[in-house]
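The values are calculated or read from the model by the stated rules, or taken from the named source; none is laboratory data. Since the model is a prediction, treat every value here as computed from it, not as a measurement. As a convention, Cβ positions derive from the backbone with ideal geometry for all residues, glycine included, and neighbour counts pool all protein chains shown.
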Amino acid sequence: MDFDPLPDSNEAERREYRAITLAHDGRVREVRLLWAGSDAEAIAQAETLVRDCALDLWDGLRFVEHVAGRPIRTGSLLAASLIARG
């Protein structure tokens with residue numbers, strides 16, 4: 001699990017969110033902790049993490065948002081290496 005450092009702003013105003021990256025088959029690939037003052041801020045942070053796989057954002061037990069993965073351009077070297085890794 002990766003941890004993003006807690007920002008220097010007032011800790012009491014920020015909450016811990018979990019950004020859960022999902023593989024194409026629905027399995028969990030990665031969990032990252034995000035610190036944000038609102039759902040909108042957490043969603044904006046989560047959107048920067050999305051690549052080819054989808055991501056679910058949680059605030060404790062409360063589901064916040066599902067962010068769809070971005071399609072990979074076919075024919076690119078990066079796409080070929082990601083597909084080969086599965």
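Only one entry of L6, L49, L55, L34 meets the criterion of being modelled with pLDDT under 65 and aliphatic (A, V, I, L, M), and that entry is L6. The residues of the stretch 19-50 that are small (G, A, S), buried (at least 17 other Cβ atoms within 10 Å of the Cβ) and under 13 Å from the mean Cα position of the chain (by Cα), listed by number, are A19, A42, A46. Here is a check on your reading of the model: is L78 part of a helix (DSSP H, G or I) and either of a type in the set (A, V, I, L, M, F, W, C) or at pLDDT below 95 (or both)? Spelling it out, L78 is indeed part of a helix (DSSP H, G or I) and either of a type in the set (A, V, I, L, M, F, W, C) or at pLDDT below 95 (or both). One residue stands out in the stretch 61-75 among those that are exposed (fewer than 14 other Cβ atoms within 10 Å of the Cβ) and assigned to a loop (DSSP other than H, G, I, E, B): the one that is modelled with the highest pLDDT, namely L61. For the stretch 48-60, the criterion of a residue being in a strand (DSSP E or B), among the aliphatic types (A, V, I, L, M), at negative phi and free of Cβ contacts under 8 Å to residues at least 40 places away in the same chain is satisfied by at least one position. Beta carbons closer than 7 Å, at least 6 apart along the sequence or on distinct chains, pair a first residue in the stretch 14-40 that is farther than 10 Å from D56 by Cβ with a second that is assigned to a loop (DSSP other than H, G, I, E, B) and charged (D, E, K, R) for R32/D4; L33/D4; L34/D4; W35/D4; W35/R14; A36/R14; G37/R14.
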